[in-house]
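The values are calculated or read from the model by the stated rules, or taken from the named source; none is laboratory data. Computed from a predicted model, the values in this text were never measured in an experiment. Glycine also receives a Cβ, built like all others from the backbone with ideal geometry; neighbour counts cover every protein chain displayed.
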Amino acid sequence: MVRYEKAWQVARQRIADAARAGGRAPESVRLLAVSKTFPAAAIRRLHALGQRAFGENYVQEARSKRNELADLDIEWHLIGPLQSNKARVAAATFDWVESIDRAEIAERLSAARTGVAPLDVLIQVNASGEATKSGVSPTGAVALARQVSTLPNVRLRGIMGIPEATDDASVLRAQFRQLRQCFDACIDAGLSIDTLSMGMSADLELAIAEGATEVRVGTAIFGARDSAKG
């Protein structure tokens, strides 16, 4: 069996089962394979199985991998915080940026994204309120989404969020529910969006139960990361 195949299949089955449990079609939730810190060879193996969307945290690391894997049809997602001085490189490297937490970043990406298809973006919402976590407050999500939706070279697709690290399912569900409420509020405000990115390896079932359309799975597919690499 190709390396990662069983783990990838198990992750896909978990997603399908969770979607069905919520009365949804399995294909209504897509898998974003989080490949940060893992080599390009690991991405190539997973691509051979049929995975196309990959998430990276660091602009330079992703740029190197994209160059190495230029022969593959991969959709690259930035899921980590983006510094304003990296916006130009990010705009050229990624197909999606899921971590828009202020208008300035979106404006810089829009200015740098010329001559190609619009950059798909998500508004990152800090549902846990943790000071160490990026994201706009839930109360500011719609206003920021409105600002981003007016920019010419980016395309607002929805909401992303990361709940606090806890084993308390009730806390996780409450924060996932808040992210869903932000998503719904954007729709109610007349914004055309379709993506709610939330849930990871340990809690994807809870996220899907609360309405996730994309889950970001790394450890459950690739295994534990070397903590020294981030």
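Quickly run through region 13-39 and pick out the residues that are part of a helix (DSSP H, G or I) and within 20 Å of G223 (Cα to Cα). So that I can check it myself, show each step before the final result.
Our first condition is that a residue be part of a helix (DSSP H, G or I); within region 13-39, this holds for 13-21, 26-28.
Q13, R14, I15, listed by residue number.
Would you tally the residues in region 1-41 being under 20 Å from M198 (Cα atoms), without any contact (Cβ under 8 Å) to a residue 24 or more places away in the chain and among the aliphatic types (A, V, I, L, M)?
The number of residues fulfilling the criteria is 2.
Between N126, N153, which is in contact (Cβ under 8 Å) with a residue 24 or more places away in the chain, over 21 Å from M200 (Cα atoms) and not aliphatic (A, V, I, L, M)?
N153
Here is a list: A141, A145. Which entry is touching a residue at least 12 places away in the same chain (Cβ under 8 Å), assigned to a helix (DSSP H, G or I) and closer than 18 Å to S110 by Cα?
None of the others qualify; the one that does is A145.
Give me a count of the residues in region 172-230 that are of a type in the set (F, W, Y) and touching a helix residue (DSSP H, G or I) at 6+ places or on another chain (Cβ under 8 Å).
2
Could you check region 182-208 and list, in sequence order, the residues that are polar (S, T, N, Q), surrounded by 18 or more Cβ atoms within 10 Å (Cβ to Cβ) and over 16 Å from the mean Cα position of the chain (by Cα)?
Within region 182-208, the first condition is being polar (S, T, N, Q), and the residues that meet it are 192, 195, 197, 201.
Subsequent filtering for residues that are surrounded by 18 or more Cβ atoms within 10 Å (Cβ to Cβ) retains 195, 197.
Within region 182-208, none qualify.
Looking only at region 59-92, filter to residues that are in a loop (DSSP other than H, G, I, E, B), over 14 Å from the mean Cα position of the chain (by Cα) and modelled with pLDDT of 95 or more; which one of those is surrounded by the most Cβ atoms within 10 Å (Cβ to Cβ)?
I74
From R180, R173, R157, grab the single residue that is basic (K, R) and under 23 Å from V89 (Cα atoms).
Checking each option against the conditions leaves just R157.
Could you list, ordered by first residue, the pairs with Cβ atoms under 8 Å in which the first is in region 71-97 and more than 11 Å from A53 (Cα to Cα) and the second is surrounded by fewer than 14 Cβ atoms within 10 Å (Cβ to Cβ), at least 6 apart or interchain?
S84/E104; V89/Q60
State all residues of region 158-203 that are closer than 21 Å to E27 by Cβ, in a helix (DSSP H, G or I) and either in contact with a Lys or Arg (Cβ under 7 Å, 6 or more places away or on another chain) or not aliphatic (A, V, I, L, M) (or both); if no residue qualifies, say none.
F176, R180, F183
Hey, any hits in region 102-123 for a residue that's touching a residue at least 24 places away in the same chain (Cβ under 8 Å), part of a strand (DSSP E or B) and polar (S, T, N, Q)?
No.
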